[in-house]
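Written below as C-alpha cells is the structure these notes are about.
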Amino acid sequence: MAEPIPSRILVIAPNWIGDAVMAQPLLGLLKKTYPEQPIDVLTPSWVAPVLRAMAEVDTVLETPFKHGALQLRERWRFAQMLRLRGYASAYVLPNTLKFALLPWMAGIKKRIGYIGESRYGLINVMHHDDPVAPRAMVPFYAALATTPASQAPTSLPRPALHVADQQIRQVLGMLGLSAQNPLIAFAPGAEFGNAKRWPTSHFAQLAVSILKLHPDAQIVLLGSPKDNAVCDEIKTLCPAVHHLAGKTTLDQAVALIASSAAVVSNDSGLLHIASALNRPVIALYGPTDPDHAPPFSDISHSLSLRLACAPCKQRECPLGHQDCMQKLTSDMVWKPLQGILQASEAADRKIDFFCV
C-alpha cells in the first residue's frame with residue numbers, strides 16, 4: 001500500500017479541560033497559517049466535548065489509553081492508525097514522554113513541542129519556556145505555532161468555543177429547564193484539590209440571595225460525579241437549586257453554560273469553558289494565582305483576597321484554615337453578581353421593547 005501524502009495536522013491536546021481551552025488560540029493560528037490542512041485533535045474522552053466546540057477542529061480522535069499507564073503495545077497499534085491518516089506535522093502539548101512517543105511511532109516527520117521529560121529525538125522542533133518567568137497558558141501553547149527561535153505572538157485572540165442554538169434548546173428541554181427564565185450556573189468542584197473549593201455554605205447563601213431578588217432564576221450545580229458530595233451539601237442548604245453534577249455529560253454542561261446569564265466558579269475547567277463561551281463570569285481564587293489564567297469574558301470578575309499566604313498552589317491548605325476561601329464571603333460575590341443580573345434583565349427588557 002502506498003504511503004499517504006502528508007496533508008493533515010495532528011494536535012495532541014492537554015489532559016485537563018482548562019488547559020485544552022487555553023490551547024484554542026494555537027489551533028486558530030495553525031488554521032490561519034495552513035488553511036488547506038485539516039486539523040485533527042487527539043484527546044482523552046473526558047476532554048473531547050471541549051474540542052468538538054472548537055471551529056478549527058476537523059476530527060476529534062479519542063485516546064484509548066488508561067490514565068498514567070505507558071501501554072507501549074497499545075500505543076504502537078494506535079500509532080499505526082495515525083500513520084494511515086497522513087500527517088505532515090504533530091504538535092505535542094502534554095509535556096510527558098508517553099505522548100511524544102505516538103507521533104514518533106506514527107512516522108510523522110515534524111514533531112513540535114516543549115522539552116518536557118527530556119524528549120530529545122521524539123520532539124524534533126524543540127521549544128523552551130523560561131523557568132524563572134513562565135508564560136501564561138495561552139501564549140505558552142500559541143508559541144508552538146512559531147519557530148523556536150522567534151518571539152512568541154504577543155497579540156493573541158482569546159480562546160473561543162461555539163455551541164449551536166439548537167443544541168442549547170435540546171439540552172434545556174431534556175433537563176426540564178426553561179429558556180425563558182434566567183439560568184445561573186454554579187461550578188463548586190475543583191479537580192485539583194479541596195483547597196480550591198469555595199465553601200458549600202457560601203454557595204448556598206449566594207443562591208438564597210439570588211432567589212430573594214430573582215425568584216424565577218434557575219440555579220444549576222454543574223460538575224463531575226466527584227463533585228456529588230459538595231453539591232449534595234449545597235442542595236441540602238438550599239433545596240431550590242438544580243443539582244446536575246454527575247447527571248449531565250460534558251457536552252450538556254457546555255450547552256448549559258452557553259445559555260447562562262452568569263457563571264460562578266472555582267478555578268476549574270468549567271470556569272475556562274464559560275470564559276471561552278464569553279459568558280459573564282465570577283471566578284473565585286484562593287490557593288491559585290488569579291493572574292496566571294484569569295477569565296477573559298467581556299464581563300468577568302476575578303475575586304481573590306490575595307492573602308500573604310497565597311497563592312500557595314497546594315491541594316490542601318498547609319495552614320489548616322483555608323482562610324483564602326473561607327473569608328471570601330457570599331456577600332463579596334453577590335455584589336458583582338447582582339450587577340451582572342441587573343444588566344442582563346435590562347438588556348432583555350430592551351430586546352422585548354424593540355420586538356413589540
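Structural remarks
- The distance linking segment 302-340 with segment 1-77 is 35 Å (Cα centroid to Cα centroid, whole angstrom).
- Full-stretch length increase - Asp58, Gln170 - with 0.36 nm per residue and alpha-carbon distance subtracted: 38.0 nm
- The lysines within cross-link reach of Lys196, meaning a Cα-to-Cα straight distance under 17 Å and a gap of 8 or more places when in the same chain, are Lys226, Lys313, Lys327.
- Per-pair calculated FRET efficiency, R0 = 35 Å: His162 and Arg83 via Cβ, rounded to 0.05: 0.65
- Lys pairs under 18 Å by Cα in segment 12-153, provided they are eight or more residues apart or on distinct chains: 4
- Working note: Debye formula, equal point scatterers on the alpha-carbon atoms of segment 236-352, no solvent; log10 I(q)/I(0) at q = 0.17, 0.23 Å⁻¹ is -0.97, -1.37.
- Order of Tyr114, Tyr120, Tyr34 under a 10 Å beta carbon neighbour criterion, fewest first: Tyr120, Tyr34, Tyr114
- Put in order of Cβ neighbour count within 10 Å, fewest first, the listed residues Cys231, Cys309, Cys238 become Cys309, Cys238, Cys231.
- Once the mean of 1/r is taken over each pair of separate Cα atoms and inverted, segment 264-319 shows a Kirkwood hydrodynamic radius of 11.5 Å.
- Exposure proxy ranking, count of Cβ atoms within 10 Å, fewest first, for Arg8, Arg306: Arg306, Arg8
- For segment 240-289, average projected area of the Cα convex hull in nm²: 4.1 nm²
- Counted as membrane-span-like here are DSSP H helices of the chain whose alpha-carbon atoms extend 18 Å or more along the helix's own axis and whose Kyte-Doolittle mean is -1.0 or above; these are 72-85, 200-213, 330-355.
- Electrostatic dipole magnitude of the chain [Cβ: Lys, Arg +1; Asp, Glu -1; Cα centre; debye, to 20]: 760 debye
- As computed over the chain, the Cα convex hull volume per residue (Å³): 163 Å³
- Divide the volume of the convex hull around the Cα atoms of segment 8-145 by the residue count and you get 100 Å³ per residue.
- For segment 301-350: rounded, prolate or oblate by the Cα gyration tensor [a/c cutoff 1.5]: prolate
- With Cα atoms defining each centre, segment 146-187 and segment 263-294 are spaced 13 Å apart in the structure.
- Residue among Pro35, Pro49, Pro182 with the largest mean-square fluctuation in a Gaussian network model of the chain, springs linking Cα atoms under 10 Å: Pro35
Quick note: the coordinates plus some simple rules give every number you see, no bench work behind them. None of these values were measured; they are calculated from a predicted model. Neighbour counts run over all protein chains shown; Cβ positions are idealised from the backbone, glycine included.
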